[in-house]
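Worksheet: the structure to be examined is printed underneath.
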Amino acid sequence: MSTPAAAPPSTEGSAIERYFKISERGSTVGREVRGGFATFFTMAYIVVLNPLIIGTRRPTPPGASSVAATDPTCPWWLRARRSSPAS
């Protein structure tokens, strides 16, 4: 009694497709490349924009950091604090 021979590895597609088994996971190489570009440009945008946003923010009122950490109504508290007259 002989055992059935194992099927030879697939030679279809690129080496990248065979290595990552992209088609088995329901995707294509083109889709993965587009996803990689989208992710790269999104992260590049964040890396450039984040310091600009953080560097140009207004000063935080005294005590706001402890309120932000403990109070879920912090945005309303900060808005009321900014609009109230200085004591």
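The values are calculated or read from the model by the stated rules, or taken from the named source; none is laboratory data. Note that the coordinates shown come from a computational prediction; the quantities given were computed from them, not determined experimentally. Here Cβ is always computed from backbone atoms with ideal geometry, including for glycine, and neighbour counts include all displayed protein chains. All accessible areas refer to the heavy atoms of the entire protein, side chains included, with ligands and DNA or RNA removed. Shrake-Rupley method; radii C 1.70, N 1.55, O 1.52, S 1.80 Å.
At a glance:
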{"read-out": "Largest-first ordering by accessible area, 1.4 Å probe, given options Arg25, Arg34, Arg18", "value": "Arg25, Arg34, Arg18"}
{"read-out": "Difference of contour (0.36 nm per residue) and Cα-Cα distance, Phe40 to Leu52", "value": "2.4 nm"}
{"read-out": "Sequence of Val33, Val48 when ordered by accessible area, the most exposed leading, probe 1.4 angstrom", "value": "Val48, Val33"}
{"read-out": "Separation of the Tyr19 and Glu32 label points, Cα + 7 Å toward Cβ, nm", "value": "0.9"}
{"read-out": "Probe 1.4 Å, all protein chains present, accessible-area order of Glu17, Glu24, Glu32, largest first", "value": "Glu24, Glu32, Glu17"}
